[in-house]
1. Going highest first, how would you order 69-76, 57-64, 32-39 by mean Cβ packing within 10 Å?
2. Pop a pseudo-label 7 angstrom from the Cα along the beta-carbon direction at both residue 69 and residue 33 and give the gap in nm to one decimal.
3. For the range 23-80, what is the Kirkwood hydrodynamic radius in Å, using each pair of distinct C-alpha atoms?
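Computed from the coordinates by the stated procedures, all read-outs in this text should not be read as laboratory data. In this text, all values refer to a predicted model and were calculated from it rather than measured experimentally. Every residue, glycine as well, gets a Cβ built from its backbone with ideal geometry; the counts of neighbours run over all protein chains shown.
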């Protein structure tokens, strides 16, 4: 398994610079085309494209929203946990 590209101590209650985030990224598999843009921007390595669909490792996801912001199909959203 690849190593994280971010701070190993980050979690879903991470200060993003403006607010404390208590959310996780979720992928709508009906919209996802597996382009990999989200995987490339994920700062913690929480997203991997497997079998043509982005999948989120919720233990690594910090809820920053970078993936949702770059998804051209709007297939990723943040949901409160």
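1. Numbers: 69-76: 15.8, 57-64: 19.2, 32-39: 17.6.
In decreasing order of mean packing, 69-76, 57-64, 32-39 become 57-64, 32-39, 69-76.
2. Result: 2.3 nm between the two label points.
3. Numbers: mean 1/r = 0.0930 Å⁻¹.
Roughly 10.8 Å, rounded to one decimal.
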